[in-house]
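The values are calculated or read from the model by the stated rules, or taken from the named source; none is laboratory data. Owing to the predicted nature of the structure, the values given are computational and were not obtained by experimental measurement. Cβ sites come from the backbone with ideal geometry, for glycine too, and all protein chains shown count toward neighbours. The accessibility values were calculated without ligands, DNA or RNA, using every heavy atom of the protein model including side chains. Shrake-Rupley method; radii C 1.70, N 1.55, O 1.52, S 1.80 Å.
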Amino acid sequence: MTAQSGPPTRSRPAAALEAAAHVAGHAPSVFNTQPWRWQLSGDTLELHADRTRALTATDPDSRLLLLSCGAALHHARVALRAAGWDVHVERLPQGDAADVLARITIAGAADADRQAERMAGAITLRRTDRRAFSDRTVPEELLIGLRRAVEAEGAYLHVVRRDQMPMLATSTARAADAESSDPAYRAELEHWTNRPVDSGDGVPAATAVQRAPRRVPVRDYAPGAVAGLSPGDDFDLGASYVVLFGLTDEAEALLRGGEALSALLLAATADGLATAPMSDTIEVQWPRHLLKGLLSGVGEPYLTIRLGYNDAAPDLPPAPRRKAADIVRISDR
Ligand SMILES: Cc1cc2nc3c(=O)[nH]c(=O)nc-3n(C[C@H](O)[C@H](O)[C@H](O)COP(=O)(O)O)c2cc1C
């Protein structure tokens, strides 16, 4: 060892990849499970699924796990692009069943990208807002922009029409009823809503909303406890409900669906919208089938998202996050 030896100095691409993996920790995930790990080896960053965090009762086919990991992948891509790097992404390099979901390498320096900078700026501002949104409607041009952001990631967006709202509300209520009478679901919810403070994961009661009549029911994350958020005086009357969907429910399509989810949520946040993903309807077979009907049978529904305004409401507390050191592993090659 020389006097100068110490921790290995990483190349600039490796340092950028490491920073991006840290930023990706802000991504949304089902039950805030953050079911991913990052492995940085030399100048290659790999995204791995962490199946120890899978929801075996709520999400037996890992659809929501893959959507969550896709959102983390998109957060990392956006952070890299905003930092001036062009990247190469190989998805599922070892096939659908493997836990390596993506491999990211730096392709070179890139020109400034305003859209990536906008989305990157929204990463730490975005929150899942379970409170009711106001009467102010979402302008058509914003919805068009969000559809474009989703389509650029290889997925699709359906804006639920007024005449389809009763079906969305009914199928979501049916899903909530089915899940609340399923002991395996209740046990999983109990686990992920009562996590130790230092776990940095799960949905704490402080971010759950109190039960109230809603246009479309919002999942009860604090059954038997006191939810920290009041729904407020509004009733979601101006909210838009959109269904993110893809052509198949194969692993790569779901991963890309998660990237599209992130693009949608970050663009919406940058537009000043409040956002709330809702997956209960997807988790139960019959309601999912009803949701598929809203898409006229074209494609697989991945997730519903409520979009709207919550201008008068106080800021939301951030949901917990795991420590980067527990998620990002580094081996120097
Ligand atoms: C695939 C997926 C499904 C989700 N489903 C729901 C849901 O049904 N209801 C809900 O209130 N939030 C849902 N969320 C939001 C997460 O609970 C949220 O991202 C997580 O608790 C972290 O909080 P944050 O988004 O404020 O950072 C979902 C998120 C993802 C990515």
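Observations on the structure shown:
- Computed over region 216-333: relative contact order in percent, which uses C-alpha pairs under 8 Å that are six or more apart: 33
- Modelled FRET efficiency - R0 22 Å, ALA152 with ASP43, Cβ distances, 0.05 increments: 0.25
- Sulfur and carbon atoms: percent of accessible area, the chain [1.4 Å]: 51
- Simple spin-label estimate for ASP135 and ARG51 in nanometres, 7 Å along Cα-Cβ: 5.2
- Relative packing of peptides 273-279, 315-321, 119-125, 256-262 - highest average C-beta neighbours within 10 Å first: 256-262, 273-279, 119-125, 315-321
- Listed residues TRP38, TRP85 arranged by accessible area, highest first, probe 1.4 Å: TRP85, TRP38
- Looking at region 140-308, the accessible area is 43 square angstrom per residue; that uses a 1.4 Å probe and ignores ligands, DNA and RNA.
- The mean sequence distance of close C-alpha pairs (under 8 Å, at least 6 residues apart), as a share of the length of region 140-308, puts its relative contact order at 31 percent.
- Near ALA312: Cβ cut-off under 14 Å, other residues only, Lys/Arg at +1 and Asp/Glu at -1. The net charge is -4.
- For THR9, the solvent-accessible surface computed with a 1.4 Å probe is close to 130 Å², ligands and nucleic acids excluded.
- The tail of the calculated P(r) for region 234-333 beyond 24 Å holds 39 percent of all Cα-Cα pairs.
- Sites ARG10 and ARG195 - FRET efficiency at Förster radius 30 Å, r taken between beta-carbons, to 0.05: 0.40
- Accessible-area value, SER181, 1.4 Å probe, nucleic acids and ligands omitted, Å²: 80
- Helix-only [θ]222 nm of the chain, DSSP H runs n ≥ 4, -39500 (n - 2.57) each, per residue, nearest 500: -11000 deg cm²/dmol
- In nm, spacing of pseudo-spin labels at ASP311 and TRP286 (7 Å Cα→C-beta vector): 4.2
- Whether region 31-170 is rounded, prolate or oblate, judged on the alpha carbon gyration tensor where a/c under 1.5 counts as rounded: oblate
- Divide the volume of the convex hull around the Cα atoms of the chain by the residue count and you get 142 Å³ per residue.
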